[in-house]
Every structure is written in structure tokens, then in C-alpha cells.
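First comes the structure, then the notes that go with it.
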Amino acid sequence: MRPGRGGGWSDRTADEGSASVELAAALPALVLVVALLVGALAWARDGVIVAHAAGAAVRSALVESEPEAVEAAREVAGEAAQVEVVEADGRVTVTVSLERAAWLPAASASVTGTVP
């Protein structure tokens, strides 16, 4: 026991309240790490979506035409997707890009299909 204020004895130590201060100091770093993890997961999800969209668009372009390929890609990736279809020498290359958040890089995928 230590002498407290007002001449009495107290069980308080100099460390009392330090856990609250440490939590308040560490909380912004924890929030930043969680936000970065959520952003990375969203970016990876978009990467999978654009890969599927590009594959669907190539299949559609090989069987049908370019407008149907763009429509197929946008059905999978959404209307915000940027779709580029290039046909040359019996090959069709589709590139799909998707930009969601300004602070993340755009997710993009390119798939090439060949007519047998």
C-alpha cells in the first residue's frame, strides 16, 4: 500500500490506466491493418470476377459476335466493367478491367481464345 492523496493509504499504482492509453495508441494501427486486409480481399475478389468475365466473353465471341461478348462480360462483372475485344488471325482476345475504389489498383484479366 502507498500513501494516497489526503494522507490516506491507497492500493493504486503508477501503472493504473496504462492499458487504456496503450489501447488508444494501438487502435488506429489496428483499424488501418483491418482496412488494408478488407481492401486486399476486395481486390482479389475483383480479380477472380474479371477472369471469369473474360473467359465468358471469349467463349461468347468465338460462338457469336463482339457485342454479345461484351454483354457476356458485363453480365458477370457488372456494368462498370471495361471490356475490350480484339479479333485477329482467328484469335479473339478479351481484356476486362474493373475499377472499384480509388485507392485500389484496377483489377484486370485478359483471355485469348482460338477458333479450332
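Read the figures in this text as sums done on the coordinates, not as results from a lab. Remember, it's a predicted structure, so these values are computed and weren't measured experimentally. Cβ atoms come from the backbone with ideal geometry, glycine included; neighbour counts cover every protein chain shown.
Applying the Karplus relation 6.51 cos²θ - 1.76 cosθ + 1.60 with θ = phi - 60° to segment 32-42 yields 3J(HN,Hα) values of 4, 4, 5, 5, 5, 5, 5, x, 5, 5, 5 Hz, where x marks Gly and Pro.
Highest mean packing first, where packing is the average number of other Cβ atoms within 10 Å per residue, the peptides 80-92, 21-33 line up as 80-92, 21-33.
Considering only the Cα atoms of segment 26-114, their convex hull presents on average a projected area of 5.7 nm². Taking the number of Cβ atoms within 10 Å of each Cβ as an exposure proxy, the fewest-first ranking of SER20, SER110, SER97 is SER20, SER110, SER97. Remark: segment 72-78, residue by residue, has Karplus-estimated 3J(HN,Hα) of 4, 5, 6, 5, 7, 8, x Hz, where x stands for each Gly or Pro and the curve is 6.51 cos²θ - 1.76 cosθ + 1.60 at θ = phi - 60°.
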